[in-house]
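Engineer: Have a look at this one.
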Amino acid sequence: MRKYIFILTIFFFSVFNVMKAQETEMVLIKEGSFVPLYGAVSKKPVVVKSFYMDVYPVTNREYLEFVKKNPSYQKSKIKGIFADKSYLSYWKTDFDFGNAKPNAPVTSVSWFAAKKYCECEGKRLATMDEWEYVAMADTKKIDARTKKEFNEYILSWYEKSKTYENEIGKTFKNYWGVYDMHGLVWEWTSDFNSIFLSGESRKDKSTDKNLFCGSGSVNATDLMDYAAFMRYAFRGSLKAQYSTRNLGFRCASTTKPKF
């Protein structure tokens, strides 16, 4: 009997370690350039240097381990200057994420908390340009932004509710080997507030009007611009203390961390 208990213990421990390794896996994103679709002051290509990005968003299970080691970021102890009252609102207690799935993305986390988490992992949040560069890839192309079906997929996700309840890795694996860039949750970037969608911070102020004043037909470019507009509009509405149920994060690194 003891032998079987020992074998089962080893088995479950191995499964847990495999799941943890999968969650913390990173992939190399090779250097490249692209022209941001929206919010850019210039239409010149932006160069993105090679970096590493998490394959998946951070999960409830992973964040639970973080708050255990960092008490000041627990639900009941975090200071108001670092997170609003919605911080981890769906967690029952400091160490109980309630009915949420362990392998679902952690959400209702402020920018300060997300930044701290990544730093504790020896990583950082991705910049907006890095995030957009990775997010423009579909399963086969580095830049799929002109593909109508790709944009329709993104926009169909915007219309769905409670996708944050789903587990990580259930959306498509893109060209870089990254999952869940679209279809699961919105994600923090390190410089989320570097571009605002008002005043002189945006070059093309006619874009808003063109997006909402309908023409006879909608082509791939219209869908592409609208999908990008939604992301930038969402980022422009955020403050670092904000924490919402559909907003999570993943980490990045200039060099591959040693685990």
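Engineer: Give me the dipole magnitude in Debye, nearest 20, for the stretch 95-142 about the Cα centre, with unit charges on the beta carbon: positive for Lys and Arg, negative for Asp and Glu.
Structural biologist: 80 debye
Engineer: Select from the stretch 99-197 those trypsin sites (Lys or Arg not before Pro) which occupy a DSSP coil region and have at most 13 other Cβ atoms within 10 Å, ordered by residue number. Each step should come with its number before you reach the end.
Structural biologist: Values: sites: K115, K116, K123, R124, K140, K141, R145, K147, K148, K160, K162, K170, K173; in loops: K123, K140, K141, R145, K147, K160, K162, K170.
When the trypsin sites (Lys or Arg not before Pro) of the stretch 99-197 are filtered for loop state and at most 13 Cβ neighbours within 10 Å, K140, K160, K162, K170 remain.
Engineer: Same structure again: When the accessible area of the stretch 70-117 is split by element with a 1.4 Å probe, what percent falls to carbon and sulfur?
Structural biologist: Numbers: 1290 of 2360 Å².
Roughly 55 percent of what the probe reaches on the stretch 70-117 is carbon or sulfur.
Engineer: Report the gain in length on full extension from K258 to K170: 0.36 nm times residue separation, minus Cα-Cα distance, nm rounded to one decimal. Working shown, then result.
Structural biologist: Working: separation 88, 0.36 × 88 = 31.68 nm, distance 2.65 nm.
Gain on extension, K258 to K170, equals 29.0 nm.
Engineer: Where a ≥ b ≥ c are the square roots of the eigenvalues of the C-alpha gyration tensor, would you call the stretch 94-139 rounded, which needs a/c under 1.5, or, failing that, prolate if a/b is larger than b/c, or oblate? Present the calculation step by step, with values, prior to reporting the outcome.
Structural biologist: Details: a/c = 2.66, a/b = 1.46, b/c = 1.82.
In terms of gyration-tensor shape, oblate.
Engineer: Which distance in nm do the two modelled labels at I142 and A233 give, with both placed 7 Å along the Cα-to-Cβ direction?
Structural biologist: 3.1 nm
Engineer: With an 8 Å Cα cut-off and a minimum separation of 6 or more residues, compute the relative contact order for the stretch 48-200 in percent. If you can, show how the numbers build up before the last one.
Structural biologist: Values: 183 pairs, mean separation 40.2, N = 153.
Relative CO of the stretch 48-200 lands at 26 percent.
Engineer: Assuming R0 = 25 Å, what is the FRET efficiency of K79 and C120, from their Cβ-Cβ distance, to the nearest 0.05? Working shown, then result.
Structural biologist: Numbers: r = 17 Å, r/R0 = 0.69.
Taking R0 as 25 Å, the efficiency between K79 and C120 is 0.90.
The values are calculated or read from the model by the stated rules, or taken from the named source; none is laboratory data. In this text the structure is predicted, and so the values were computed from the model without any measurement. Because the Cβ atoms are built from the backbone with ideal geometry, glycine has one as well, and the counts that use them run over all protein chains shown. When the accessible area is computed, the model is the full protein with side chains, heavy atoms only, and any ligands, DNA or RNA have been set aside. Shrake-Rupley method; radii C 1.70, N 1.55, O 1.52, S 1.80 Å.
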